[in-house]
1. So what is the 222 nm mean residue ellipticity for the chain from helices alone, if each DSSP H run of at least 4 adds -39500 (n - 2.57) and you divide by all residues, rounding to the nearest 500 deg cm²/dmol?
2. Over the chain, with a Gaussian network built from C-alpha contacts below 10 Å, which listed residue (A47, A32, A77) shows the highest mean-square fluctuation?
3. Please compute the modelled spin-label separation between M1 and N78, points set 7 Å along Cα→Cβ, answer in nm with one decimal.
4. Quick one: pull the percent of accessible area on the chain belonging to carbon and sulfur, 1.4 Å probe, ligands and nucleic acids left out.
5. If you stretched the chain out fully between E9 and A32, how much longer would it get, using 0.36 nm times the residue separation minus the C-alpha to C-alpha distance?
6. How many Å² of accessible area per residue for the chain, probe 1.4 Å?
Amino acid sequence: MLTQAQVDEFREVGFIVVKGLIPDDMREPLRASLEQVIAKVKANPAAYRTRYVGKEGSDIWGVGDVFQPDLFEQSFANYLGSDPLLDAIGSIL
């Protein structure tokens, strides 16, 4: 659950950083999944909707469709349905 100050900051600024929102036991699986997705996208960038930053466009900033079958990672789905994240979202809504 977010504090009222956090909710107010979100409404004023449009985003907040919530320390501890990712449970300790989910950090490593999420990190490993992220590395998997990055490797798949770098191996075949034309197959994905990607956004890049940097002069040479080599730093992946975002990838669309991360829930399509070949990019799906269970740890992402687990986190998006986790109580800490859903509680934070519920506070804002």
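1. Values: 4 runs with 47 residues, N = 93.
Helices in the chain give a 222 nm mean residue ellipticity of -15500 deg cm²/dmol.
2. Looking only at A47, A32, A77, the biggest GNM fluctuation is shown by A47.
3. Once both label points are built, they end up 2.7 nm from each other.
4. Working: 3760 of 6690 Å².
With neighbouring chains kept in place, the figure for the chain is 56 percent.
5. On the way: separation 23, 0.36 × 23 = 8.28 nm, distance 3.12 nm.
Here the segment from E9 to A32 would lengthen by 5.2 nm.
6. Numbers: 6690 Å² over 93 residues.
Value for the chain: 72 Å² per residue.
The values are calculated or read from the model by the stated rules, or taken from the named source; none is laboratory data. All of these numbers come straight from a predicted model, not from anything done at the bench. Every residue, glycine as well, gets a Cβ built from its backbone with ideal geometry; the counts of neighbours run over all protein chains shown. Quick note on the areas: whole protein, heavy atoms, side chains included, nothing else; ligands and nucleic acids left out. Shrake-Rupley method; radii C 1.70, N 1.55, O 1.52, S 1.80 Å.
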